[in-house]
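Colleague: The structure is given below, and queries will be raised subsequently.
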Amino acid sequence: MRPFQALAMKNQLRLPFMGHDQGRPREHTAGGRLEAGGHSSVLVILGLILAGALGLLALITTGSGEPFALAVLFVLAVVGVFFLFGIAADFIRLHDGSDQGDLALAMTDASSDGFRVTGADATIVYANTAFRDVVGTDASGELKTLEQWVAGEPHAAEALFRLARAADARQPLSERFRLRVGPGQDRKARWYRLSVAPMDGPPRDGRREPLILWRLTDITAQKAREAEIQRHSSDLAARLDRLPVGVLATDHAMRVATINATLRGWLGIDAADEEVSALELADLISPAGLAHLHKVVAGDASADAFDADLIGRHGRPVPVRLEIGAEHVTGDTAAASAGLCLLVQPRAVDGLDEAITRALSTPITAGEGELTQYVAAAPFGIATIAANGRLLSSNPAFARMFFTDGKRRVATVAGLLPGAANRDARDLFNEALAKVCAGTSLRAPVDITFGARGEHNRQIMILPMREAGATPGEVNAVIVYAIDTTEQKQLEQKFAQSQKMEAVGKLAGGIAHDFNNVLTVIIGLSDLFLQTRRPTDAGYQDITQIKNNAQRAADLVGQLLAFSRKQTLSSAVLSLNDVVTDTVHSLKNLIGETIEVKTMPNRDLWLVKADKSQIEQVIWNLTVNARDAMPDGGQLTYRTKNITERESAKLSDQGMAVGQYVLFEVADSGTGMPPEVVKQIFEPFFSTKDVGKGTGLGLSTVYGIVKQTGGYIFADSTPGKGTRFSVYLPRFDDADGVVAAQKAAQEPRELPRDLTGSGRVLLVEDEDAVRGFASRALKRQGYEVLEAASGVEALEVFGAHAGNVDIVVSDVVMPEMDGPTLLTELRKSNPDLKMIFVSGYPDDAFKKSLDARETFAFLPKPFTLPELAAKVKETLAA
């Protein structure tokens, strides 16, 4: 019986369960037995009582013994009361066989392991002597807590924390930790194992109290033995590596368990190669040698040593002589089930392998050994190849660069670059190899691209190797140096793409600015004409068509500006969940009934700062593309998600800065796109649609909007399976309460119906047509208009009227003096002058040239007559 089972059994007859008094466990006593008796004493007493009762009964029946009977009854009553009092006072205890409980407690106290029992509230119910000796007591003599015991030892404290959590969950757990014990500078480190296990206390009131058993064991000696065994194992492995012969050991499944450094060097196996741990005996021995080995082990062949060929890296045969351990030859079943132990010695053969064997058998000098180590550790690939294309040797870096399919044994150049997809790379490699072997030196390294999708890039340099005594011009082998240029090529492609997109963006931005001036005139004059005509007049509908088409042209210009990242943004703090939900709901008719729409918003999505209308444009464009990719129906999925810094770091190789982002995805199950199309989809005017069905600006607009917002966009597509666009927008940190201020701000007001006004307006515009239209429009609304074709002329006009100007409406980009410079000069004489800038570029493009405290209004081009009049009236009233 275990000690605490005995303890529980003992206490079934005791009300006060062993507890903790002032930090110390209560003294345990052996209860339940009569001090001077035991079983025999109880029987004697019972016999005397029974005899007395019978005698008394006889006297009573005769009638003559009544006085004597009364005296006996009195004595018995006194004895009974005394007996009951003794039991109540615990002077007399009934024996219940609890000697076993006392024995269990004595054994626990005598154990070298420390035991402690705690209750559900973590109070100490019991602690044996060993536990108290190890943990110790405080100044008052109370048993220390485990937290006090491990104080100052972080690793031990962490282990104790895990044990405490396991105890709270009533789960068993064991932890090992090191603790420094002893006074002052003489503290020594000791190792302990502390475990917890749930247990139940003795039954009380029909239930058992849940308890926790803590067991503390000093394992310092055990750890020392383990360290000694580990040291001996390391010494044995080092001695095996220094042996001049190869040593190969396997487990019962013929997997390689041990292979010493000598044999690894012969076979060209890198000790750090992950494949070493997965090698099987069949990977290292030729089929014929393996078959003979099985015969020897099975007893079908008597030779305990035989010749065989081992398989070196790249399939190179290494002739050796194998010797099997004696226990396997004698048919020891236990040894056979434990695996094989082979001794390997090189053997000389005729022909070309003789030189290899001689090289393997020759001791390596210190200098040669260092050189071999340097070649093996080189970060670039080094290999030797025979003139016929046979691979002779290679270092680990070369293997990692070319053995991308996981194969170990490659014998030729064709094996390095197999398959039809690598035909061009293979031809380039063989052509360069043939030139060098023919005596022609390569003037520059050779760049080769291979892989199923052309995902690997290598730059190789081939140099001739001439043996001593060879005729001039004769090349028997070459040495190949290889560098992995995959990442460099990707960066070059990204840089070239970025440069191209930047150039196209600048061109588009410049064209768009000029178009805006032209469209401003067309739209403005159309407004003037329509205001002076009735709908029934001749030409009214034609002018309306002109204005509508000019507005369509303005939308295209807006897309060009979006691509060039120069459109005007009205940024606000947004929740992409709200924007996606609202936009997708409004696009249901556009999507159609044959497409199943699935929205997967992420809870607690972070905020972003962007132009809501532009983000809606992104969703609209991506949705249209997804719809067109699913002509027969399919599934369209919208998803949002928070992206942490750790997750964004995984995309750093694609040029994405590490940070926190909000991800928005649009995925379809449509036709998909091949990789060559995916590379061009964000370029302007590139489209896979039929002529007349697309402008080729949709995705380029999306690209520009995302980039100007500070985000990133990536496309992942598989032909026949669909396409997924992933948009990453930077997370907005609302530390300054921008959201609250944004909600408190008033919503944008509609244009007032009454656009008339009064005041003197100085109109500055270098485009005569734009200036003429704007002047006429403002005069029709009741304003006095002063015109100037440049900033210099505007200063002259302003001075001629003694600064008596109510408001200035000025273009931004002008010859001689631009708009911001003009405002700075005008402020010198009139600090309160109101200013409106008009431009085809966003206001951010010129804000940097003005004082941060400068106030002005902004009207983007192209604008209509009502928009111009409303902006002037609104600014004057402010």
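The values are calculated or read from the model by the stated rules, or taken from the named source; none is laboratory data. Predicted model only: the values in this text are computed from it and were never measured. Cβ placement follows ideal geometry from the backbone for every residue including glycine, while neighbour counts extend to all protein chains displayed. SASA here: full protein model, heavy atoms, side chains in, ligands and nucleic acids out. Shrake-Rupley method; radii C 1.70, N 1.55, O 1.52, S 1.80 Å.
Colleague: At 4 °C and a viscosity of 1.567 mPa s, what translational diffusion coefficient does Stokes-Einstein give for region 181-269, taking Rh as the Kirkwood radius over Cα pairs? Give it in µm²/s as a whole number.
Modeller: Reported coefficient: 70 µm²/s.
Colleague: Counting pairwise Cα distances across region 102-149, what percent come out greater than 12 angstrom?
Modeller: Tail fraction, whole percent: 64.
Colleague: Another question, then. Go ahead and run the numbers for FRET between GLN488 and PHE306, Cβ-Cβ distance against an R0 of 51 Å, rounding to 0.05.
Modeller: Computed FRET efficiency for GLN488 and PHE306 comes out at 0.50.
Colleague: On average, how much accessible surface per residue is there in region 113-210, in Å², for a 1.4 Å probe, leaving out ligands, DNA and RNA?
Modeller: 59 Å²
Colleague: Report the label-to-label distance for ASN476 and ALA438 in nanometres (one decimal), using points 7 Å from each Cα along the Cα→Cβ vector.
Modeller: Taking the simple label geometry, ASN476 and ALA438 are separated by 2.3 nm.
Colleague: Here's another thing I want to ask about it. Jot down the per residue volume, in cubic angstrom and as a whole number, of the convex hull over the alpha-carbon atoms of region 598-654.
Modeller: In region 598-654, the Cα hull volume divided by residue count equals 132 Å³.
Colleague: Short version: ³J(HN,Hα) in whole Hz for each residue of region 700-716, in order, from phi by Karplus 6.51 cos²θ - 1.76 cosθ + 1.60 (θ = phi - 60°), x for Gly and Pro, what are they?
Modeller: Here the 3J(HN,Hα) series is 5, 5, 4, 4, x, 4, 5, 5, 5, 7, x, x, 9, 9, 10, 10, 10 Hz.
Colleague: So if we plug the beta-carbon distance of ALA572 and THR123 into 1/(1 + (r/R0)^6) with R0 = 45 Å, what FRET efficiency do we get, rounded to 0.05?
Modeller: Between ALA572 and THR123 the formula returns 0.15.
Colleague: Could you compute the net charge surrounding VAL579? Neighbours are other residues with a C-beta less than 9 Å from the C-beta of VAL579; K and R count +1, D and E count -1.
Modeller: -2
Colleague: Along the charge dipole of region 146-247, which of LEU163, GLN230, ALA189 sits closest to the positive end, that is, farthest toward it, with unit charges on the beta carbon of Lys, Arg, Asp and Glu (+1, +1, -1, -1)?
Modeller: Positive-end residue among those listed: GLN230.
Colleague: Now, a different point. Simple spin-label model, 7 Å along Cα-to-Cβ: MET254 to ASP632 in nm?
Modeller: Calculated label separation equals 5.1 nm.
Colleague: What is the calculated FRET efficiency for SER652 to LEU103, with r their C-beta to C-beta distance and R₀ = 56 Å, to the nearest 0.05?
Modeller: E between SER652 and LEU103, to the nearest 0.05, is 0.25.
Colleague: Relative to the compact globular guide of 2.2 N^0.38 Å, what is the alpha carbon radius of gyration of region 123-263, as a ratio?
Modeller: 1.56
Colleague: While we're looking at this one, here's another question. Set the bar at 28 Å for Cα to Cα. Now go through LYS612/LYS641; LYS641/LYS721; LYS435/LYS679; LYS612/LYS871; LYS489/LYS641 and name every pair that lies beyond it.
Modeller: LYS435/LYS679; LYS489/LYS641
Colleague: With a point put 7 Å past each Cα toward its Cβ, work out how far GLU209 is from ASP582 in nm, to one decimal.
Modeller: With each label placed 7 Å out from Cα toward Cβ, I get 6.4 nm.
Colleague: Tell me, Kirkwood radius of region 760-871 from alpha-carbon pair distances, in Å?
Modeller: Across region 760-871, the inverse of the average 1/r is 13.9 Å.
Colleague: Residues of region 571-717: accessible area per residue at 1.4 Å, in Å²?
Modeller: Result: 50 Å² of accessible area for each residue.
Colleague: On to the next question. Quick one: what do you get for region 111-185 if you divide its Cα Rg by 2.2 N^0.38 Å?
Modeller: Compared with the compact-globule rule of thumb, region 111-185 sits at 1.14.
Colleague: Something else: If you count, for each residue, the other Cβ atoms within 10 Å and average over each peptide, how do 283-291, 529-537 line up from highest to lowest?
Modeller: Per-residue Cβ counts within 10 Å, averaged per peptide and sorted highest first, yield 283-291, 529-537.
Colleague: Could you state how much accessible area GLU431 has, in square angstrom rounded to the nearest 10, with a 1.4 Å probe and all protein chains kept in place?
Modeller: About 100 Å², rounded to the nearest 10.
Colleague: Now a separate question. Could you work out the local net charge near GLY136, counting Lys and Arg as +1, Asp and Glu as -1, over the other residues with Cβ closer than 11 Å to its Cβ?
Modeller: -1
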